[in-house]
Amino acid sequence: MIAILASATALVVGIVVAVIVIAILAIRALFTVVPEYERAVFFRLGRIRESAKGPGPIVRIPGIDRVVKVSLRVEAVDIPSQQVITADNVTVAVDAVVYFQVIDPVAAVVGVDRYRFASERIAMTSLRSIIGRFQLDDLLAHRGEVNAELRAVIAASTISWGVEVRQVEVRDISLPQELLRAMARQAEAERERRAKVIAATGELEASKELAEAADRLSASPGALQLRTLQTLAEVATERNSTLVFPLPIEILSAFGNLGKGK
């Protein structure tokens, strides 16, 4: 009798556990939770609902409703390096990164197959076409204009898919080695030219200052003598064994004037 009661109790417990498990599975199949950064696009018997659902728990009928979740976060898509010929016939390798965000989940699911893949392909083709319009110097100096034009072209194609392009950045521009060497030689020549111009400008300014100093010294013989004595004092501090004492003509003229005065 005790064995029969134990087996019956075990059977009841097993049935209760099975009912609980089935209820949990049914609830999980009936409800789905959509995070804050996602939206759920519903298909009921193959027909799409009017708008996306979420965030929070939503009810779906298993076997009748199909749910496609779409992320609303900004996504970054790396554009692989592309070989592009610029307007001045220079081959460069350019890669970029595109930041886009889904603003219409229904259009992103219904309007295009794999909107991420399609957006990446549009960005690749637009990158080649836009870079080809610029010359190399403009491409290197005005990268902001290139980014703005790329964003406008890509956004014009993806907006109908419910995808908005937030930002486009040309990340790297690789030049051929021959062109890099030529640019290095050009930069070196430019630096040498500037150095020569600066040296010549310094010589010109120095000559002007020396000419002005000579004019002032010639106007005052006493100042010239003092300058001569100062130069001798500076030479004497070098501890030279031989000291050459120049005798200015002005001193001889001064002594001649003294003789005439007598």
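Give the residues of segment 82-110 that are hydrophobic (A, V, I, L, M, F, W, C) and either assigned by TED's automatic domain parsing to the domain that holds Val67 or assigned to a strand (DSSP E or B) (or both), sorted by residue number.
Val84, Ile85, Val92, Ala93, Val94, Ala96, Val97, Val98, Phe100, Val102
Quickly run through segment 128-180 and pick out the residues that are among the basic types (Lys, Arg), more than 13 Å from Ile79 (Cβ to Cβ) and surrounded by 13 or more Cβ atoms within 10 Å (Cβ to Cβ).
Arg143, Arg166
Kindly evaluate Val170 against the criterion of being in contact with a Phe, Trp or Tyr (Cβ under 6 Å, 6 or more places away or on another chain) and modelled with pLDDT of 85 or more.
For Val170, the condition - in contact with a Phe, Trp or Tyr (Cβ under 6 Å, 6 or more places away or on another chain) and modelled with pLDDT of 85 or more - is not met.
Could you say which residue among Arg116, Arg128, Arg133, Arg66 is touching a residue at least 24 places away in the same chain (Cβ under 8 Å), within 30 Å of Ile27 (Cβ to Cβ) and among the charged types (D, E, K, R)?
On inspection, the qualifying residue turns out to be Arg66.
Between Ala87, Ala108, which is closer than 20 Å to Met124 by Cα, modelled with pLDDT of 90 or more and surrounded by 11 or more Cβ atoms within 10 Å (Cβ to Cβ)?
Ala108
Are any residues in segment 90-105 buried (at least 18 other Cβ atoms within 10 Å of the Cβ) and over 20 Å from the mean Cα position of the chain (by Cα), and if so, which ones?
Residues satisfying the conditions are Val102, Asp104, Pro105.
Just checking: which of the helices (runs of 4 or more DSSP H) contained wholly in segment 113-188 hold 3 or more residues that are within 19 Å of Pro80 (Cα to Cα) and over 22 Å from the mean Cα position of the chain (by Cα)?
So the answer is 115-131.
Criterion first (part of a strand (DSSP E or B) and not assigned by TED's automatic domain parsing to the domain that holds Ser160) does Val41 satisfy it?
So Val41 fits the description; yes.
Working carefully through the options Ile79, Ile24, Ile15, find the one that is assigned by TED's automatic domain parsing to the domain that holds Ile130 and either farther than 30 Å from Ile130 by Cα or not in a helix (DSSP H, G or I) (or both).
Going through Ile79, Ile24, Ile15 in turn, just one is assigned by TED's automatic domain parsing to the domain that holds Ile130 and either farther than 30 Å from Ile130 by Cα or not in a helix (DSSP H, G or I) (or both): Ile79.
The values are calculated or read from the model by the stated rules, or taken from the named source; none is laboratory data. Since the model is a prediction, treat every value here as computed from it, not as a measurement. FYI the Cβ positions are ideal-geometry reconstructions off the backbone, even for glycines, and counts take in every protein chain you see.
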